[in-house]
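**Q** Got a structure for you, written out below as structure tokens; questions coming shortly.
The values are calculated or read from the model by the stated rules, or taken from the named source; none is laboratory data. Bear in mind the structure is a predicted one, so any value in this text is a computation, not a measurement. Don't worry about glycine lacking a Cβ; one is built from the backbone with ideal geometry, like all the others, and counts go over all protein chains shown. Each accessible area value is taken on the protein alone, full model and side chains, heavy atoms only, with ligands, DNA and RNA left out. Shrake-Rupley method; radii C 1.70, N 1.55, O 1.52, S 1.80 Å.
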Amino acid sequence: MHISELAKKTGVSLRSLRYYEEKRSLNPERLENGYRKYSEIDVEQIRMIQLYLSMGLKTDEIADLFRCNWNGNSEACLHNGIRRGEQKLAEIREQMDILRKAETQLMEVVADLKSKIKPGDQL
């Protein structure tokens, strides 16, 4: 499929698709005439990129994770992908811990405020 079809199928702009390729997160087949040829594998790749971006990964980090699949799984590539993945997991876990603490504190504040309302008062 052509890039316009991929954009329509994934809901991702042409500009973003070209950017993902520039950042080496997407690696379409190139035809003899220079055109890009995309497949269903690329559709799934875009969905993974979008998921990782929504989780806070940067395009360079995503590229490091994907590059191993294209470069024959060299040991250095695998170690780099593992390191990047573990770093991001640690960051996500830290953010989750902060959010849990914020949730607990906010629940306490709301409970305290509710306890100050007299019976029959409207919220």
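**Q** Per the 1.4 Å probe, what fraction of the accessible area of the chain, in percent, lies on carbon and sulfur atoms? Each step should come with its number before you reach the end.
**A** Numbers: 4890 of 9170 Å².
Carbon with sulfur: 53 percent of the solvent-accessible area.
**Q** Still on this structure, please answer the following. For helix 59-70, report the angle its Cα long axis makes with the longest principal axis of the Cα atoms of the chain; keep it between 0 and 90° and round to the nearest 10°.
**A** That helix lies at roughly 50 degrees to the long axis.
**Q** Sticking with this one: Residues of segment 33-63 with backbone nitrogen within less than 16 Å of a virtual label 7 Å along the Cα-to-Cβ line of His2, please, listed as ranges.
**A** 33-39
**Q** If you count only protein heavy atoms with a 1.4 Å probe, what accessible area per residue comes out for the chain, rounded to a whole Å²?
**A** On the way: 9170 Å² over 123 residues.
Counting only protein heavy atoms, the per-residue value for the chain is 75 Å².
**Q** Per the Debye formula with a single identical scatterer at each Cα and no solvent contribution, what log10 I(q)/I(0) holds for segment 4-118 at q = 0.10, 0.12 Å⁻¹?
**A** -0.46, -0.58
**Q** Could you give the length gained on full extension between Ala76 and Arg30, defined as 0.36 nm per residue of separation minus the Cα-Cα distance, in nm? Intermediate results must be reported in sequence, preceding the final value.
**A** Values: separation 46, 0.36 × 46 = 16.56 nm, distance 2.66 nm.
Using 0.36 nm per residue and subtracting the Cα-Cα distance, I get 13.9 nm.
**Q** Among Asn27, Leu89, Thr104, whose Cα projects farthest towards the positive end of the dipole of the chain, with charges put on the beta-carbon of Lys, Arg (+1) and Asp, Glu (-1)?
**A** Selected residue: Thr104.
**Q** With a 1.4 Å probe and all protein chains in place, put Tyr19, Tyr38 in order of accessible area, largest first.
**A** On the way: Tyr19 95, Tyr38 5 Å².
If we order Tyr19, Tyr38 from most to least accessible, we get Tyr19, Tyr38.
**Q** Taking only Cα atoms, what is the 0 to 90° angle, nearest 10, from helix 75-115's long axis to the longest principal axis of the chain?
**A** With rounding to tens, the tilt is 20 degrees.
**Q** To the nearest 20 Debye, how big is the dipole of the chain about its Cα centre, given +1 on the beta carbon of each Lys and Arg and -1 on that of each Asp and Glu? Please report the intermediate quantities before stating the final value.
**A** Values: 21 positive and 20 negative charges, 59 e Å.
Charge dipole of the chain: 280 debye, to the nearest 20.
**Q** Given R₀ = 25 Å, what would the calculated FRET efficiency be for Met55 paired with Tyr19, taking r from the Cβ atoms and rounding to 0.05? Provide the component values of the computation, followed by the final result.
**A** Values: r = 18 Å, r/R0 = 0.72.
Given R0 = 25 Å and the Cβ-Cβ separation, E is 0.85.
**Q** Also, I was wondering about something else. Report the charge-dipole magnitude of segment 78-123 in Debye, nearest 20, computed about the Cα centre from +1 at each Lys and Arg Cβ and -1 at each Asp and Glu Cβ. Spell out each step's value before the answer.
**A** On the way: 9 positive and 8 negative charges, 19 e Å.
Charge dipole, segment 78-123, about its Cα centre: 100 debye, nearest 20.
**Q** Hey, if you put +1 on the Cβ of every Lys and Arg and -1 on every Asp and Glu Cβ in the chain, which of Leu78, Val12, Gln122 ends up farthest toward the positive end of that dipole?
**A** Gln122
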